[in-house]
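Remarks on the structure that follows.
The values are calculated or read from the model by the stated rules, or taken from the named source; none is laboratory data. None of the values given here were measured: they were computed from a predicted structure. All Cβ positions, glycine included, derive from the backbone under ideal geometry; neighbour counts span all protein chains shown. Just the protein is used for accessible areas: all its heavy atoms, side chains included, with ligands, DNA and RNA removed. Shrake-Rupley method; radii C 1.70, N 1.55, O 1.52, S 1.80 Å.
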Amino acid sequence: SADLLGSRSQVAARVPEEIRRALADMAPQFSQLAMDEEMLLEEQQELQQPSKSRFGCRAALLAGGLSACALLALGAGSRSARQGSSSGAAGALPVAMGVVGLDEQQEQTQTMHAPSMKSFIAHSKPYQGGRDAKLGDHEQGVIKINEDGVWNTYYLPGATTIDDGKTVEYRPPYRFYLMKEPTTDYSDASKFYKPQFVGKTFTVDMDFGKNGQSPASCGCNLNFYLVDMPVSLAGQDGDHYCDAQCFPGLGCCAEFDMNEGNADVQQITNHACTHKYKGHPDWQCHKWGEPELKSTAHEFSLGPGHTIDGSKMFTFSQEFKVVNGGLIVTTTMSQDGKSVTKSMGPNAELDAMMKTGSLEKGMAFVTGYWYASDMNWLDSDECGSGPEHCNQNPAYISNWRITTNSDSPYPSPSPAPAPPAGGKCCYQQCNDCHQEGSWCGASAGNCGHCGGGVWC
C-alpha cells in the first residue's frame, strides 16, 4: 500500500487546502468506514482472496492518512452512474458496497441476483436495546394487527409506531422481529409471534413518500419477510438470525420474501432450502430465489405514467392458497381503482417452503429498511447498473390486517379471551406486568408461555 500511495506528505501535498479542511470535518465517517472494512476483511479472509486491482480505505489510511482515504472515496464517487429521482443531497459521496476481497467478475456474479454480504451486514442491524432484554415504553414498538376483525396487540421492539400502533415508520438501518411481548430476547422461539399465513391473506398500506418528501427510491430496500429463526447460533449480532443467503457469521434457513422494494420496484421471492441446486452444490438454500416475481416499469414505478405510482400510498395484499395440494401465492397492488396482480405457484420449491420451510406452521416475521449502493439486483431495470445512493427518507406501512380466506381449510384465529377480573401477566413478580391487550396478558394460559410469566 505504501508503494502505491507514496508517503503521507506526498499524498497530502496533492490535496488542495480547501479540500483538506472539508475532509477533516468528515474524519469520523472515514474512520467508521475503515473500521467496518477491517471487521469484514477479518470475517471473510478464509473465503475470499484480496483483489490485486483494488485496495480499501483501511490500507489508504495506514499508508497515506485521511487524505489518501478520501481520494479513494472521491474517485469512486466520480464513477457514479445517473441516479435519477433517487439522488440525495448535492455532493453526497456514494460508497461502493460490493463484497470485500472479490475481483470484479466474482463481485458482479455475487450481487447480480442477491444482496452481497457486506451490504447486508453493514446496513441491516437488529434492534438490541433494552437492559436484560427488557424494554422501556418508548422502545416497545407496540403494533396493532387486525386479525379477522379483531385488533390484537403485538410488538416490533425498537420500531417507531404511530397512529395508535397502526402505522410503522421506517428509517434505516434496523430490522425488527414481530414478538408476542416487548423483549429483545431473540433466542426464545416462544416469544415470537409467527402468523400462519397458509389459507390467509395479509394486507397493508404502503407509502414511500409521505408528507411531500422525496420517495425512498433507488438503493433503498423496505421489506417484510419470513425466516425460520431463531437458530441455535447467536451469530455476530447476537439475535439468532438466519436467512437463505447463509452468510458467514449468521444462521442459514429458509426465507420467504413477502415483499421488498422501493418506490421504483416491488419483488416477491421464495428461498426454500432443498439442498438440490444443479450447478451450485455448495448451496443449502436457493440464494437467488425460485420462483421470483418482480414488477415491471409499466406496472409500478415513480410517477403517474405507471399503473401504480410508487410515490403515493398503495395497498399491498398477499393471498396464500392451497389448490390440489400445491401452494399458490397471489399478490395484488392497488391504487385509485387500478391494480396489478402477480401470482406464483404451483412450484416444487414453493411447496418445499410450505412443508419443510415451516410456512404452514408459522415462521418468524421480519421487517426493516436497509440500503446499499449495489442494490442493482433489486432495482436495476429502473435505476440502472451503476452505484446507487438511497436518500434514506422515511417510509411507512400501516393498517396491518390478516384475514382467513373464505375457502380456507385452516381455522380462523379465535379472539384472545379477556383476562379474568383483576388478572394480569407479570414478569416473575406482580409489580412488573405486561401491558393490557398484549398476547401475554390475554389469559393465564398465554402468560405461562411468556418467559418468567406469573399470573397475578
Original post:
Rounded to the nearest 10 Å², what accessible area does His298 show when all protein chains are kept and the probe is 1.4 Å?
Top reply: 130
Subject >> Label-point separation, His138 to Ala297 (7 Å along Cα→Cβ), nm >> reply: 4.5
Original post:
Which distance in nm do the two modelled labels at Thr404 and Thr315 give, with both placed 7 Å along the Cα-to-Cβ direction?
Top reply: 2.2
Subject >> Formal net charge of residues neighbouring Ser295 (Cβ-Cβ distance under 11 Å; K, R +1; D, E -1) >> reply: -3
Subject >> Accessible area of Asp164 in the full protein assembly, 1.4 Å probe (Å², nearest 10) >> reply: 110
**OP:** First compute the accessible area of the stretch 329-372 with a 1.4 Å probe, then give the percent of it belonging to carbon and sulfur atoms.
**Re:** 47
Original post:
What distance in nm separates the simple spin-label points at Lys361 and Asp381, each placed 7 Å from Cα in the Cβ direction?
Top reply: 3.6
Subject >> Environment charge of Met344, counting only residues whose C-beta is closer than 14 Å and scoring Lys/Arg +1, Asp/Glu -1 >> reply: -3
